[in-house]
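Input: a single structure, listed below in structure tokens.
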Amino acid sequence: MVMVMVGASHHDVTLDEVSRLAAAGQGLALKLTQSSPDINGAVVLSTCNRFEVYLDLERFHDAVELTTASVAAAADIDLDFVVDAMRVVVGTAVGQHLFSVASGLESMVVGEDEIAGQVRAALATAQEEQTTSPTLERLLQRALATSKAVTSSTGLGAAGRSIVSVGLDVSEQRYGSLAGRRALILGTGSYARVVAAALQKRGCVDIHVYSSSGRATQFAQTRELLPVDADQLVAAIANAQLIAACSGTSEYLVDLSVMSDARQLRGSGDSPVVPIIDLALTPDVAPDVADCGWADVINLEVIREFAPREHSSAILEAQDIVLQAVSEFELSESGRSADHAVVAMRTHVMSIINEELERIRTRVDAETAEEVARALHRVSNSILHTPSIRAQELARTGEFADYQKAIHTLFGIDLDARG
């Protein structure tokens, strides 16, 4: 068994290229686990700045090739581009990478508090689709625990910093406080929830929300927002003093034509320029809007440029926590490599006991037979306890092969130490 991550992030490629790769995310894990017996489990982590596939594999090369080919086919992009764009991480480095990602150390906004929720959602999706494996579950659960430890023990991201908060910071730096301003949210997904809370915290009033999928009313009811229908969208854009776009639909929600129509309805007392924060990995705002002169598009590239740099001491402290967590995880996992061997040894002993019990039951009454069975089980558990513990200890230190040979020599038991 080997752990592998195949993925790309803003560190490796442009955000547009991440978006192209992410188009393959829907149903990818299920397809991979159903297509190859070499893939024990798969979890897809897709955010606004990364697309990563975590794999639990029996064999390495064929499964990795299947993954890149599947991404290329599902996203309808060239295989050579996928192979070049998506780097491959293997073994212990997978844990270190994921723990760093979940802790916000690899984010565009270092220390952001949204990524842990995205990792949790990725695990939940894999569990729902039944594409995860016990090892992957332990890996992601430990990553989430590490993220929590980093948040509680360091100053990293202590202010709740996120991509959303940085985007709003940029808007306020350019156009003043959002308190008392009118806002429009495009989308009702996870980012929209964060945006709504952030706008309300900064004193925005008269916050409208639009959903191309028709979920605006339901979303608005629980958040004291105002829903916008499709035929009201242009008027809502004209009324807004800030637009936050985070729907991630396949088509642009705001293009030059829409902005031109909205401009005609815009009040004379409003600022001639409306800031539009486009948080969607697949942009909601058409490129020509940025050049129209009456909209300031603050997209993910702008947010990355303005993202503050965390204090180096907080980063170093967080990295130490991550490294310690990786070490503990690897130690725990190495001991698990003996689990199959322990089961085999116990099964062998229990088969001998059960054969003897069958003979005893033909010679004594049921009550006596049950008492003998309990006694034999207590004795077997006591005898097997130390060999089981030693198997796990030796697996951690890489000396399990000698243990296997000794057990085979003494008892004729073939132990399988598969992980």
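Of note:
- Proximity of backbone amide H atoms, modeled 1.01 Å from N, is registered between residue 212 and 187 at under 5 Å, excluding neighbours fewer than 5 places apart on the same chain.
- Taking amide H positions as modeled 1.01 Å from N, with prolines and chain starts lacking one, the residues under 5 Å from residue 40 and 5 or more places away or on another chain are 56, 57, 58.
- Taken about its Cα centre, the chain carries a charge dipole of about 1080 debye when Lys and Arg each add +1 at the Cβ and Asp and Glu each add -1 at the Cβ.
- In degrees, nearest ten, helix 312-336 long axis to first principal axis of the chain (Cα): 30
- Segment 286-332 gives an Rg/Rh value of 1.38, both radii derived from C-alpha positions and Rh following Kirkwood.
- For segment 137-215, the square roots a ≥ b ≥ c of the C-alpha gyration tensor eigenvalues yield an a/c of 1.5 or more together with a/b not exceeding b/c, which makes the shape oblate.
- Relative contact order of the chain, defined on C-alpha pairs under 8 angstrom at six or more residues apart (%): 14
- Computed across segment 2-159, the Kirkwood radius stands at 15.5 Å (inverse of mean 1/r, all Cα pairs).
- Summary value for segment 163-306: 25 percent relative contact order, contacts being C-alpha pairs under 8 angstrom separated by 6+ residues.
- Normalising the average separation of contacting C-alpha pairs (under 8 angstrom, six or more residues apart) by the number of residues puts the relative contact order of segment 2-159 at 28 percent.
- Two-site FRET efficiency, residue 413 against residue 378, from Cβ-Cβ distance with R₀ of 22 Å, rounded to 0.05: 0.55
- C-alpha long axis of helix 92-102 to longest principal axis of the chain, angle in °: 40
- With N as its number of residues, the chain has a Cα radius of gyration that, divided by 2.2 N^0.38 Å, comes to 1.29.
- Close amide H partners of residue 226, meaning residues 5 or more places away or on another chain with modelled amide H under 5 Å apart, are 207, 208, 209.
- Segment 169-253: proportion of alpha-carbon pairs further apart than 21 angstrom, %: 21
- In terms of the mean number of neighbouring beta-carbon atoms within 10 Å, the peptides 165-176, 41-52 order highest first as 41-52, 165-176.
- Protection proxy ranking for 74-81, 378-385, 129-136, using the average of other Cβ atoms within 10 Å per residue and placing the highest first: 129-136, 74-81, 378-385.
FYI, it's all coordinate maths here, none of it is from the lab. No experiment lies behind these values; they were computed from the predicted model shown. All Cβ positions, even for glycine, are placed from backbone atoms using ideal geometry, and neighbour counts span all protein chains on display.
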